[in-house]
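Enquirer: The structure under discussion is supplied below as structure tokens; questions concerning it will follow.
The values are calculated or read from the model by the stated rules, or taken from the named source; none is laboratory data. Remember, predicted model here, so these are calculated numbers, not experimental data. Virtual Cβ from ideal backbone geometry, glycine too; neighbours counted across all protein chains shown. Heads up: the accessible areas ignore ligands, DNA and RNA and are worked out on the full protein's heavy atoms, side chains in. Shrake-Rupley method; radii C 1.70, N 1.55, O 1.52, S 1.80 Å.
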Amino acid sequence: GGGGGAAMADGEALVSVDYEVSGKVQGVFFRKYTQGEAKRLGLVGWVQNTSHGTVQGQIQGPTARVRELQEWLRKVGSPQSRISRAEFSNEKKIEALEHKEFQILK
């Protein structure tokens with residue numbers, strides 16, 4: 001801790017956000033690429049396929065990096081994917097990361 005005087009810059013504050021990506025996102029290595037991109041950005045969280053053909057998960061890390069992954073989920077994805085929509089919800093500031101790494105969940 002320490003005094004509240006040295007607040008972190010907003011881009012450095014930790015946030016947690018849930019996401020769900022729709023489109024052709026299963027069977028195209030979407031989860032593997034998402035994990036790779038998250039690790040490159042130093043983010044933690046998880047990604048998994050849903051039973052209704054989307055990919056969902058959670059991202060945690062510094063705000064600026066989380067924004068980068070959100071852009072990537074919206075526009076890039078894996079090379080063979082076709083993203084029609086990326087929705088983000090439950091965004092909140094967190095005091096500490098709740099995950100050790102970025103995992104692919106079955």
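Enquirer: Could you pull the accessible area for LEU14 with a 1.4 Å probe, rounded to 10 Å²?
Expert: It works out to around 40 Å².
Enquirer: Rank VAL17, PRO79, LEU105 by how far each Cα sits towards the positive end of the charge dipole of the chain (+1 on Lys, Arg Cβ; -1 on Asp, Glu Cβ) and give me just the farthest.
Expert: Farthest towards the positive end: PRO79.
Enquirer: Suppose accessible area is computed on protein heavy atoms with a 1.4 Å probe; arrange SER89, SER51 from highest to lowest.
Expert: Values: SER89 55, SER51 125 Å².
Listed by decreasing accessible area, they come as SER51, SER89.
Enquirer: How far is helix 63-75 tilted off the main Cα axis of the chain, in degrees rounded to 10, range 0 to 90?
Expert: On a 0 to 90 degree scale, this one is about 10.
Enquirer: Nearest 5 percent is fine: what portion of the DSSP beta bridges confined to the chain is antiparallel? Walk me through the numbers on the way to the answer.
Expert: Details: 23 of 26 bridges.
Percentage antiparallel, nearest 5: 90.
Enquirer: Check the chain and count each lysine pair with an alpha-carbon distance under 20 angstrom, considering only pairs eight or more places apart or from different chains.
Expert: 10
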